[in-house]
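The values are calculated or read from the model by the stated rules, or taken from the named source; none is laboratory data. Everything numeric in this text was worked out from a predicted model, so none of it was measured. Counting neighbours? That spans all protein chains shown, and the Cβs are built from the backbone with ideal geometry, glycine included.
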Amino acid sequence: MKISKSMVTTSLELPGHTIVQSLGIVRGISVRSLSMGGSIAAGFRSMLGGSIERYVKLCEQTRQEAFDLLVEHAEEMGANAIVGMRYDANEVLEGVTEVLAYGTAVIVEKK
């Protein structure tokens, strides 16, 4: 079953829908780092201040991958929605970041 982005929420309810079954916790995890060249260029940019576009792009790609894996996991369980969705991020090693997307896979019906 395909889950649209509109069926993923950070709240514990989905407006206009009733949760009829909770299938359990689902997650998606992504681990990324910049290349050596990217790290050096970003380091120079950080000395000047302002937005560091390489890191912004890396973080957004990592979050998107974790989100996509979360949805895939929920779909494999037969869910049609995810509630209580959250992100968590940790530095695994210097310059290596883990992003975890997690929530509860549910089956909902329109009210």
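Before moving on, here are some points about what is shown:
- Residue tally, condition among the β-branched types (Val, Ile, Thr) and surrounded by fewer than 18 Cβ atoms within 10 Å (Cβ to Cβ), over segment 90-111: 3
- Only one of the numbered conditions (1) modelled with pLDDT of 95 or more; (2) part of a strand (DSSP E or B) is violated by Val31, and that is (1).
- Selected residue [in contact (Cβ under 8 Å) with a residue 12 or more places away in the chain and assigned to a strand (DSSP E or B)] from Arg54, Arg86, Arg63: Arg86
- In segment 89-106, the residues that are within 16 Å of Ile29 (Cβ to Cβ) and at pLDDT 95 or above: Leu100, Ala101, Tyr102, Gly103, Ala105
- Segment 52-87 - residue that is of a type in the set (Asp, Glu) and modelled with pLDDT of 95 or more and, of those, nearest to Lys5 (Cα to Cα): Asp68
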